[in-house]
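Engineer: Below you will find the structure I want to go over with you.
The values are calculated or read from the model by the stated rules, or taken from the named source; none is laboratory data. In this text, all values refer to a predicted model and were calculated from it rather than measured experimentally. Virtual Cβ from ideal backbone geometry, glycine too; neighbours counted across all protein chains shown. With ligands, DNA and RNA removed, areas are computed over all heavy atoms of the protein, side chains included. Shrake-Rupley method; radii C 1.70, N 1.55, O 1.52, S 1.80 Å.
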Amino acid sequence: MNLLFRSVRIIDPHSAFHNQVVDVWIEDGIIRKMGENLAAISSGQEIRQEGLCISPGWCDLRVHAKDPGYEAKEDLYSLKRAAAAGGFTEVVLLPNTKPVVQRKESLNYLRSFSEDQAVQFLPTAALTLGCEGKDFTEMLDLHHAGAVAFTDGEEPIWNADILLKSLQYLAQVNGLLIQRPEEPTLTVHGQMHEGNMSTMLGMRGIPTMAEELMIQRDLRLLEYAVETFDLRPRLHFSLVSTARSVELIRQAKAQGLPITCDTAAHYLAFTDEDLVEFDTNLKVMPPFRPASEVEALRAALADGTIDALVSDHYPQDTESKNLEFDLADFGISSLETAFATALTYGNLGLEKVLELFTANPRSVLQRNPVTIAEGKIAQLTAFNPDEEWTVNLADWQSKGKNTPFVGKTLRGKVYGVVNQGTSTFHSKPLSFKV
């Protein structure tokens, strides 16, 4: 691969060229030269686009792969295209496939698929067999086989003894445990946030307490493991959605507990009041909360309490969404809109949004940081943060068409990604010279 970006703005606080407009020459997957008015390349692609920026490639901590087992909703080829269209060079895959990712062969299948591709798959492994919360998987073997974290994915780890023992066990190998906090007995048959809107619409609600109680329990278990066994287990809460959850995590961080957390970009864009039309594309778990909770999420992202933004990409087929609201499945197809959603609705500023999609997710995973500098491997995302675009399913890469953004105008256009010695560009026009 031989690429020359002409007059691109570098957005990377760790780069000597941060906020500068320069040329960037990439050869054989390595950034060879950066500066103004570089000599033309003899072969390859020369790329020029007004307003184009490049940053370190984006990393998504929460993606539902669906393959193997549910390829009608998403397969690895469509997932790769959707991730590239969304600007992601690395995506963390949840284990809730069929079969569940709980054996080394499953890890190898997912990881090998993305070798030498512009999008790398980072598979997690199930914490418990079948993600049922009853019996442990072979975590040590799976850790050495390359699992980047352990989680039951879309299922909460409801068994307190399992969670405590897992924290103790994973601390021995510095493994990461990812928990989606939910007390499941409080969410049975729930359809949306429990409040005035659920009462008005006649739907069974999902209380904020279901999330907050589980976070309180898990923080106490983590504190117990730290104080009693002198361990430093790594616990990550995924998809926090309430003001009280944020405050609990903020206090725990102040106490020095080893925790991190994320929320999904679409939780910044919608509230429970948007469900008045019963659009099943807005049916997610945890549910959209009132505006006051959304403001708490924005504040927590701004002050660093929430470490990362995720897409929580959850593709569904038409048969799973084109139903009465109470029968429809949860989830949004969101890889292709996550960045623009955060930029449009987050009130955070470009550099903060990029931090939440680049440096911070890799810090959570304890992966090596990515930077744009001469001699470094080229892993980058090309985008225009000021360009507005309208979401159109004709341009959609994911098999899952279940997005509530169709017809909406978002700010922040992704053009493509470069990674592992290859590149993928979806958006036009770009000026290419071979």
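Engineer: Any residue in region 178-198 that is within 23 Å of Val364 (Cα to Cα) and among the small types (Gly, Ala, Ser)? Quick ask: steps written out before the conclusion?
Structural biologist: The first filter runs over region 178-198 and keeps only residues within 23 Å of Val364 (Cα to Cα), leaving 178-182.
In the following step, the residues that additionally are among the small types (Gly, Ala, Ser) were identified as none.
No: zero hits.
Engineer: Further question on the same structure: Test each condition in (1) open to solvent by less than 60 Å² (accessible area, probe 1.4 Å); (2) over 18 Å from the mean Cα position of the chain (by Cα); (3) more than 21 Å from His266 (Cβ to Cβ) for Lys376 and report the one that comes out false.
Structural biologist: (1)
Engineer: Restricting attention to region 355-364, does a residue exist that is closer than 25 Å to Leu4 by Cβ, at pLDDT 95 or above, buried (at least 16 other Cβ atoms within 10 Å of the Cβ) and among the hydroxyl-bearing types (Ser, Thr, Tyr)? Give the steps one after another, and end with the answer.
Structural biologist: First, the residues of region 355-364 that are closer than 25 Å to Leu4 by Cβ: 358.
Retained after the next criterion (residues that are at pLDDT 95 or above): 358.
Then drop every residue that is not buried (at least 16 other Cβ atoms within 10 Å of the Cβ), which leaves 358.
Retained after the next criterion (residues that are among the hydroxyl-bearing types (Ser, Thr, Tyr)): 358.
Looking for residues that are closer than 25 Å to Leu4 by Cβ, at pLDDT 95 or above, buried (at least 16 other Cβ atoms within 10 Å of the Cβ) and among the hydroxyl-bearing types (Ser, Thr, Tyr), one finds at least one in region 355-364, hence yes.
Engineer: Could you grab the pairs with beta carbons closer than 6 Å, sequence gap of 6+ or different chains, first residue in region 3-14 and closer than 15 Å to Lys33 by Cα, second one assigned to a loop (DSSP other than H, G, I, E, B) and open to solvent by 60 Å² or more (accessible area, probe 1.4 Å)?
Structural biologist: Ile10/Gln20
Engineer: Check off (1) out of contact with any Pro (no Cβ under 8 Å at 6 or more places or on another chain); (2) on the phi < 0 side of the Ramachandran plot for Asp312 and give me the number that stays unchecked.
Structural biologist: Of (1) out of contact with any Pro (no Cβ under 8 Å at 6 or more places or on another chain); (2) on the phi < 0 side of the Ramachandran plot, only one is false for Asp312: (2).
Engineer: Determine which single condition Leu3 fails, assuming it passes every other condition in (1) of a type outside the set (Gly, Ala, Ser); (2) under 30 Å from Lys399 (Cβ atoms); (3) under 27 Å from the mean Cα position of the chain (by Cα).
Structural biologist: Looking at each condition in turn, Leu3 falls short on (3).
Engineer: Being in a helix (DSSP H, G or I), touching a residue at least 40 places away in the same chain (Cβ under 8 Å), open to solvent by 20 Å² or more (accessible area, probe 1.4 Å) and more than 12 Å from Leu297 (Cα to Cα) is the filter here; which residues of region 220-249 pass it?
Structural biologist: Those that are in a helix (DSSP H, G or I), touching a residue at least 40 places away in the same chain (Cβ under 8 Å), open to solvent by 20 Å² or more (accessible area, probe 1.4 Å) and more than 12 Å from Leu297 (Cα to Cα): Leu221, Tyr224, Phe229.
Engineer: Related question: I'd like the residue in region 261-285 that is open to solvent by 10 Å² or more (accessible area, probe 1.4 Å), touching a residue at least 40 places away in the same chain (Cβ under 8 Å) and outside any helix (DSSP H, G or I) and, out of all such residues, is nearest to Pro184 (Cα to Cα).
Structural biologist: Filtering region 261-285 for residues that are open to solvent by 10 Å² or more (accessible area, probe 1.4 Å), touching a residue at least 40 places away in the same chain (Cβ under 8 Å) and outside any helix (DSSP H, G or I), the one nearest to Pro184 (Cα to Cα) comes out as Met285.
Engineer: I've got another one for you. Tell me which residues, restricted to region 109-146, are touching a residue at least 40 places away in the same chain (Cβ under 8 Å), open to solvent by 10 Å² or more (accessible area, probe 1.4 Å) and closer than 25 Å to Ile215 by Cα.
Structural biologist: If the condition is that a residue be touching a residue at least 40 places away in the same chain (Cβ under 8 Å), open to solvent by 10 Å² or more (accessible area, probe 1.4 Å) and closer than 25 Å to Ile215 by Cα, then no residue fits.
Engineer: Given the conditions (1) open to solvent by 10 Å² or more (accessible area, probe 1.4 Å); (2) assigned to a loop (DSSP other than H, G, I, E, B); (3) farther than 27 Å from Asn19 by Cβ, report the number of the one that Glu319 does not fulfil.
Structural biologist: Result: Glu319 fails condition (2) only.
Engineer: In region 292-311, what residues are within 19 Å of Leu275 (Cα to Cα) and either open to solvent by 10 Å² or more (accessible area, probe 1.4 Å) or among the polar types (S, T, N, Q) (or both)? Spell out how you get there, then give the answer.
Structural biologist: Looking only at region 292-311, we keep the residues that are within 19 Å of Leu275 (Cα to Cα), and these are 292-295.
Answer for region 292-311, where residues must be within 19 Å of Leu275 (Cα to Cα) and either open to solvent by 10 Å² or more (accessible area, probe 1.4 Å) or among the polar types (S, T, N, Q) (or both): Ser292, Glu293, Glu295.
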